[in-house]
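Each reported figure results from applying straightforward, stated rules to the coordinates on display, with no laboratory input. Note that the structure is predicted; figures quoted are calculated from it, not measured. Here the Cβ positions follow ideal geometry from the backbone for every residue, glycine too, while neighbour counts run over all protein chains shown.
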Amino acid sequence: MTAIGSGGLRPFYSLEINAQAQSLKAQGRDICFLEQGQPAVPPAPKVREAVKAALDGPQGYTHFAGQPELREGLAQYYADRHGVAVAADSIIATMGSSAGFILAFLGSFAPGAKIAVTRPGYPAYLNTLEGMGFRAVEIPLTAESGWRLTAADIEAAHSRERFDGLLFASPANPTGAAVTREGLAAIVAVCAKLGVRLISDEIYHGLDYRGPSVSALEFTRDAIVINSFSKYYCMTGWRIGWMVLPDDLLRRAQMLQQNLFISAPTLSQIAARVALVERDYCEEQKAHYAGNRTLLSAGLSGLGFDVHEGDGAFYAYADVGRFTNDSLSFCKELLEVAGVAATPGIDFDRVSGHRFVRFSYAGSKPTTETALQRMAGFLRR
Ligand SMILES: Cc1ncc(COP(=O)(O)O)c(C=O)c1O
C-alpha cells in the first residue's frame, strides 16, 4: 500500500504554534496568546442561558439545513443589515464556515477545477483546495494597495491563468483589508463577466472599523456567501456558521450537507439563534477590539515593525523584515523565550510570508500590553 504524499498541503501554522503554546502553558509558563483569531470572552449571557435551558431536552439531529427558526433569523439578518430578501430555504447552517467551504467547493466545481485566492490569504483556503484535489491560483496583493483585492487584480490574474472560481474574504485575514462598496460591486461584475463563480467569505462582517459591512448579496444572487458565528459573535469553539446558496447550486449543496454532515451541532444552532439578536454585546466587544487595534499597531510600530492598520477583523499583519527573514523560527523563538504566541506569515503567504508575522488583537487589553512589553525585551536581547 502506498501512502499519499502531502503534495502542496501544509500545516496550519497558527494551530501548530497554538499547540506548542498550550503545552508550555500546561508546564506552568505564562503565555500571551496572540496567534489565533479568537475572542477571549464567551458569547452573550442570553446565549449561554438558552443553551443551559436546552440541555434538559433531547438534542437530536436537526433539519439537515438547520433549524427553521435559525434560518428564519438569518433571513431576517439579511433584510435588516443588507436590505436584501434571502429565502430561509436558500440557507444551510454549517459546522463553522470551514464546513461551508467544503460544501461550496464540492457543490460548485468539477474535480481539478481552479479556484483563485489572494496571497496573503487565509491558510485553509489553499490547504482545503489542495486536500480535496482542486487547484489554486494565487492573486498577489501588496501593502501599498492596502492589501485590498480589486477587479483589475482579478482580471489580470485571469488573463495570466484562467480559473473557475474566486474565494476571498472582506475584511480579510491576515491583513484586515476590506473592499469598499464600489470595490465589491466591481469584483462581482468582473466575476460575472469572466464566468467565475464568486465565493464571498463574510466571516468578519460586523468587525469593520471604517463603516458598515457590505455583502456580495447586495449585488448578486449568483455568489455563494459564507459566514460564521465564530468571530463577531465570539463562538469559535461552537463550530457553527452558515452559507447562502444560489438556486442552481442549492440542491447539490443540500445533498452534500446531508451526506457529509447530517446537520450542524444542535446546541450550537440554539445558541446561534439567540446570538443573532444579542448584537449589543457583540458591539461592546468590537469597541474593545478597536481599542486594542490602536494599542497594538502603535506598539508594534514603536518596536520597529512595519505595520499596516487593517480596516476590519482583529489582526495586525506586520513586516518583521528588519529582524528576521524566517518568520517561523522567529515565532518559535518568540514563544520559547518571551512567552508570546504569534503566527508566522508563511501561513498566509508561501512566497513572501517569511518576513511577516500576524498578531491577533482579539484578546484582552492586559494580554496585548504584556505581549508588547515582552516583545520589547525579546528584541533588545
Ligand atoms: C477568513 C476566514 N475564513 C474562515 C475561517 C474559519 O472559521 P470557522 O470555521 O470558525 O467559521 C477563519 C478563521 O480564522 C477565517 O479567518
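Could you list the residues of region 123-153 with an amide nitrogen less than 16 Å from a label point located 7 Å from the Cα of Ser98 in the Cα-to-C-beta direction?
123-132
When Ile92, Ile17, Ile102 are ordered from fewest to most other Cβ atoms inside 10 Å of their Cβ, what list results? Don't jump to the answer; show the numbers that get you there.
Details: Ile92 28, Ile17 25, Ile102 19.
Ascending Cβ contact count within 10 Å gives the list Ile102, Ile17, Ile92.
On a full-extension model of 0.36 nm per residue, what is the gain between Lys193 and Ser23, subtracting their alpha-carbon distance, rounded to one decimal in nm? All intermediate terms of the calculation are to be shown ahead of the outcome.
Working: separation 170, 0.36 × 170 = 61.20 nm, distance 5.01 nm.
Taking 0.36 nm per residue and subtracting the Cα distance, the gain is 56.2 nm.
Just the projected area, averaged over all directions, of the convex hull on the alpha carbon atoms of the chain: how many nm²?
Working: hull surface 79.3 nm².
The orientation-averaged projected area of the Cα hull of the chain comes to 19.8 nm².
Could you go through region 105-110 in sequence order and give the Karplus-derived ³J(HN,Hα) for each residue, using 6.51 cos²θ - 1.76 cosθ + 1.60 with θ = phi - 60°, rounded to whole Hz, and x for Gly and Pro?
5, 5, x, 10, 10, 6
Most exposed first by the Cβ proxy, i.e. fewest other Cβ within 10 Å, how do Met243, Met255, Met95, Met235 rank? Don't jump to the answer; show the numbers that get you there.
Working: Met243 28, Met255 13, Met95 21, Met235 24.
If I rank by nearby Cβ atoms, fewest first, I get Met255, Met95, Met235, Met243.
Between Thr150 and Met132, what is 0.36 nm times their sequence separation minus the Cα-Cα distance? Round to one decimal in nm. List each step's numbers first, then the result.
Details: separation 18, 0.36 × 18 = 6.48 nm, distance 2.73 nm.
Working it through step by step, the gained length comes to 3.7 nm.
Go through Lys52/Lys231; Lys52/Lys286; Lys25/Lys365; Lys193/Lys286; Lys114/Lys231; Lys332/Lys365 and tell me which ones have a Cα-Cα distance over 31 Å in this structure. Please list the in-between numbers first.
On the way: Lys52/Lys231 22 Å; Lys52/Lys286 26 Å; Lys25/Lys365 20 Å; Lys193/Lys286 37 Å; Lys114/Lys231 28 Å; Lys332/Lys365 23 Å.
Table pairs above 31 Å Cα-Cα are Lys193/Lys286.
When every alpha-carbon pair in region 183-262 is counted, what percent end up more than 16 Å apart? Display every interim value, and only then the final one.
Working: 1861 of 3160 pairs.
It works out to 59 percent of all Cα pairs.
Could you check the spin-label model distance between Val351 and Gln258? Points 7 Å from the Cα along Cα→Cβ, value in nm.
Spacing of the two 7 Å Cα→Cβ label points: 4.3 nm.
Mind sorting Tyr361, Tyr315, Tyr61 by how few other Cβ atoms lie within 10 Å of their own Cβ, fewest first? Intermediate values should be presented prior to the final figure.
Values: Tyr361 28, Tyr315 25, Tyr61 11.
The fewest-first ordering by Cβ neighbours comes to Tyr61, Tyr315, Tyr361.
Mind listing the long-range amide H neighbours of Arg119? Cut-off is under 5 Å, sequence gap 5 or more, other chains count too, H placed in the peptide plane at 1.01 Å from N.
For Arg119, the qualifying residues are Ile139, Leu141.
Would you calculate a helix-derived [θ] at 222 nm for the chain, using -39,500 (n - 2.57) for each DSSP H run of n ≥ 4 and dividing by the full residue count, to the nearest 500? Don't jump to the answer; show the numbers that get you there.
Numbers: 12 runs with 156 residues, N = 381.
Only helices count here, giving -13000 deg cm²/dmol.
At 0.36 nm per residue, minus the direct Cα-Cα distance, what do Ser6 and Ala376 gain on full extension? Give it in nm, one decimal, please. Spell out each step's value before the answer.
On the way: separation 370, 0.36 × 370 = 133.20 nm, distance 3.78 nm.
Extra length from Ser6 to Ala376 when fully extended: 129.4 nm.
Pairwise over distinct Cα atoms, reciprocal of the mean inverse distance: report the Kirkwood radius of region 180-325 in Å, one decimal place.
Working: mean 1/r = 0.0562 Å⁻¹.
17.8 Å is the Kirkwood radius here.
Which residue, Gln269, Gln27, Gln285, tops the fluctuation ranking in a GNM of the chain built on C-alpha contacts under 10 Å?
Gln27
State the three equivalent ellipsoid semi-axes of region 22-170, derived from the C-alpha gyration tensor as the square roots of 5 times its eigenvalues, in descending order and whole Å.
Details: eigenvalues 215, 127, 60 Å².
The answer is 33, 25, 17 Å, longest axis first.
Calculate one ³J(HN,Hα) per residue across region 196-212 by plugging θ = phi - 60° into the Karplus curve 6.51 cos²θ - 1.76 cosθ + 1.60, and present them in order as whole Hz with x for glycine and proline.
Residue by residue, region 196-212 yields 9, 6, 8, 10, 9, 8, 10, 4, 9, 4, x, 9, 9, 9, 10, x, x Hz.
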